[in-house]
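Since the structure comes first, as structure tokens, the remarks are kept for the end.
The values are calculated or read from the model by the stated rules, or taken from the named source; none is laboratory data. All values derive from a computational prediction rather than experimental measurement. Glycine also receives a Cβ, built like all others from the backbone with ideal geometry; neighbour counts cover every protein chain displayed. Side chains are part of the model used for accessible areas, which takes the heavy atoms of the whole protein and leaves out ligands, DNA and RNA. Shrake-Rupley method; radii C 1.70, N 1.55, O 1.52, S 1.80 Å.
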Amino acid sequence: MGLPMTRHQISISYSSYATENELPAGSLSLLKTALENMNNAYAPYSHFQVSAAIRLSNGEVVTGSNQENAAYPSGMCAERSAIYYAGARFPHDKIEEILVVARREGESELVPACPCGSCRQAMLEYEERQSSPIRLVFKQNDAGFIGLDSVSDSLPFKFGAESLGTI
Ligand code: THU
């Protein structure tokens, strides 16, 4: 006889900001940069533009945008293009925060866009690598934003390096 089935609950906490004006100064600054970068999205297939801005501990701000491909799965999300760029250019500087925004091509209004599971997994790798949390901010609904203190909070069940058991 096995043990009886048990139900569990996971809770995470996050901040909500009713408008962009409520965002802390660091996030507001990333928002402006991400908006300026939005036109760099290459999204001729989905017509959905996504832009991400990252602040590093050395003060550098790097951006990324979605880059699509005629062979659809070969395309890349904004968050991963940004975080891989940060890792490629500044491997020894910590990533403090990543902010993500999205809109439909031709429209100025932002739409809610939570980073996809693959991007959360990719961001988690960098958070674990640097042993300090990466704040994650994205659009919730209407004017509002959500801020998580840590990428880890966005992925309560994780596959990380320790799962491999090799390090
Ligand atoms: N996309 C992102 O850039 N980030 C996400 O987290 C979700 C989706 C992009 C991929 C594709 O170019 C377009 O949005 C539609 O899925």
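Does A88 satisfy the criteria of being farther than 21 Å from S11 by Cβ, open to solvent by 60 Å² or more (accessible area, probe 1.4 Å) and either part of a helix (DSSP H, G or I) or in contact with a His (Cβ under 7 Å, 6 or more places away or on another chain) (or both)? Taking the combined requirement at face value, the residue satisfies it.
When Y45 is tested against the conditions (1) within 16 Å of the ligand (Cβ to nearest atom); (2) hydroxyl-bearing (S, T, Y); (3) open to solvent by less than 70 Å² (accessible area, probe 1.4 Å), the lone failure is (3). The condition of being among the acidic types (D, E) and surrounded by 15 or more Cβ atoms within 10 Å (Cβ to Cβ) holds for only one of E97, E109, E105, that being E97.
Identify, please: which residue in segment 112-151 is open to solvent by 60 Å² or more (accessible area, probe 1.4 Å) and of a type in the set (S, T, Y) and is, among those, nearest to the ligand (Cβ to nearest atom)? My answer is S118.
Here I83 does not fit the description of being in contact with a Ser or Thr (Cβ under 9 Å, 6 or more places away or on another chain) and either within 15 Å of the ligand (Cβ to nearest atom) or open to solvent by 60 Å² or more (accessible area, probe 1.4 Å) (or both). Quick one: how many residues across segment 107-134 are within 10 Å of the chain's Cα centre (by Cα), under 21 Å from L23 (Cβ atoms) and free of Cβ contacts under 8 Å to residues at least 60 places away in the same chain? Qualifying residue count, segment 107-134: 6.
Is it true that E97 is in contact with a strand residue (DSSP E or B) (Cβ under 7 Å, 6 or more places away or on another chain), part of a loop (DSSP other than H, G, I, E, B), more than 12 Å from the ligand (Cβ to nearest atom) and closer than 25 Å to D142 by Cα? Considered against the rule, which asks whether it is in contact with a strand residue (DSSP E or B) (Cβ under 7 Å, 6 or more places away or on another chain), part of a loop (DSSP other than H, G, I, E, B), more than 12 Å from the ligand (Cβ to nearest atom) and closer than 25 Å to D142 by Cα, E97 comes out as no.
Within segment 1-27, restricting attention to residues that are touching a strand residue (DSSP E or B) at 6+ places or on another chain (Cβ under 8 Å) and among the hydrophobic types (A, V, I, L, M, F, W, C), the residue that is farthest from F138 (Cα to Cα) is I12.
Just one of the numbered conditions (1) touching a Phe, Trp or Tyr at 6+ places or on another chain (Cβ under 9 Å); (2) assigned to a strand (DSSP E or B); (3) of a type outside the set (S, T, N, Q) is not true of A122: (2).
The set of residues in segment 152-167 that are assigned to a loop (DSSP other than H, G, I, E, B), open to solvent by less than 60 Å² (accessible area, probe 1.4 Å) and within 29 Å of E22 (Cβ to Cβ) contains only L155.
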